[in-house]
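Each value in this text was obtained by applying a stated rule to the coordinates, not by laboratory testing. Because the structure is a prediction, the values reported are computed rather than measured. In this analysis, Cβ positions are derived from the backbone assuming ideal geometry, glycine residues included, and neighbour counts consider all displayed protein chains.
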Amino acid sequence: MERGTGSEPKFKTKTSVGAEPALMELFVDSLRDIYWAENHLVKSLPKMIASSSSQKLGSAIENHLKQTVEHVNRLLVIFDLLGIEAIAKKCDAMEGLTKEGEGILESTHEGTATRDVGIILASQKVEHYEIATYGGLVQLAATLGLTEVADILSQTLEEEKQADHLLTEVAENEINYKASEEV
């Protein structure tokens, strides 16, 4: 008995001459997904900055907002290098992660370290998603022989890792202790 999802695979291997290989199709689809995600973050991060009470946390997120704008620009360069249109494909994962972050803001009190801890947790979930995505994209670009694209994606990957590390430092050195003393 054959089991399946009842639907055809989204990315099929194509055999016609000049057809884009399935791996390249998946790569482009993933680029469009992270392009949407980064643009969505550009709109979402200012609310997190405004909602944080810790100056260090606000500065860390503000710095990452500036980097995120640069990440969008790098993706535009990649689309150009590939000779394809920069089309954003809705990223359900990022939408869910940012909604979760908004829920944390709604369920915590303004001006508290506990809210700041929640902002860090939500922000790190976003960073981990981006790290996973860019890590995979770097490997796919390398597999596809897109060395220049892989180099650009690697730069963004390293910045995402640094942003995650900075959030951990802010949590460990300041905010978590303050939150543990709140009633």
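Annotations for the structure displayed:
- Note on segment 88-121: residues that are surrounded by 14 or more Cβ atoms within 10 Å (Cβ to Cβ) and more than 18 Å from Asn39 (Cβ to Cβ) total 14.
- Hey, Glu110 among the charged types (D, E, K, R) and part of a helix (DSSP H, G or I) or not: no
- Residues of segment 44-101 satisfying the condition of being basic (Lys, Arg) and under 24 Å from Ser154 (Cα atoms): Lys66, Arg74, Lys89, Lys90
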